[in-house]
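Each value in this text was obtained by applying a stated rule to the coordinates, not by laboratory testing. If you're wondering where the values come from, they're calculated on a predicted model, not measured in any experiment. For neighbour counting, all protein chains shown are included, and Cβ atoms are generated from backbone atoms with ideal geometry for every residue, glycine included.
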Amino acid sequence: MKQRIQNHKKEIYNLAKSFSYAFKGLKFAIDNERNMRIHLIASLFVVQFGFLYDLKTYQWIYISIVIGLVITAELVNTAIEALVNMQTQSYTPLAKIAKDVAAGAVVVMALVAIIVALITFNDINKIKDIVYFIFSNIISLSIFIIELVLSVFFIFSWNKRALWK
């Protein structure tokens, strides 16, 4: 019984460690990949717009899936780039192909996400009402402007090295 409890504790500890490594990988991608930060900001704005648009449950499912797939594609792209950089110190055509194809996968997924967004947010009258609400209300306009400024800072200045140069 004691051995069983120790095994469970060890399994829980190992599971916690694996989640810790996963979050470190996510943090690395956010800290070091500008495109990851762009995808996160775009996702934030899509989610906010989705609340204003009053999406249905099934629409939230579509949006959530494509956001998850874009973020996942960017993480896989970052991992492939790191592996290629680890294996090659100089330019090689195969390394270029690996990096370009991985980046191409992200572009394809981002285009799919845009298509899903265009299909989901297809009511032009709702869009006009949301834009009118944002620009006619000083509080919502102020929040929108602050979000834009913070987004630009996050995208272009978040990298730790860039902050201290």
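Close Lys pairs in region 34-160, defined as Cα atoms under 30 Å apart and 8 or more places apart or on different chains, number 4. With the simple model of a label 7 Å out from the Cα in the direction of the Cβ, LYS128 to VAL149 spans 3.2 nm. Over the chain, Cα pairs under 8 Å with separation of 6+ residues give a relative contact order of 30 percent.
Derived value for region 13-104: Kirkwood hydrodynamic radius 15.2 Å. Basis is the mean of 1/r over every pair of different alpha-carbon atoms.
Tell me what the chain gives for mean residue ellipticity at 222 nm when only DSSP H runs of n ≥ 4 count, each as -39,500 (n - 2.57), the sum divided by the residue total, rounded to 500 deg cm²/dmol. Theoretical 222 nm ellipticity from helices: -31000 deg cm²/dmol. Against the chain, whose longest principal axis comes from its Cα atoms, helix 124-136 is set at around 90 degrees. For Kirkwood radius over Cα pairs in Å, the choices are (1) 15.8; (2) 19.0; (3) 17.0; which was calculated from the structure? Recomputing Kirkwood radius over Cα pairs in Å here picks out (2).
Cβ-to-Cβ counts within 10 Å put ARG34, ARG4 in ascending order as ARG4, ARG34, the fewest first. The local environment of GLY50, defined by Cβ-Cβ distances under 13 Å, has a net charge of 0 under the rule Lys, Arg +1 and Asp, Glu -1.
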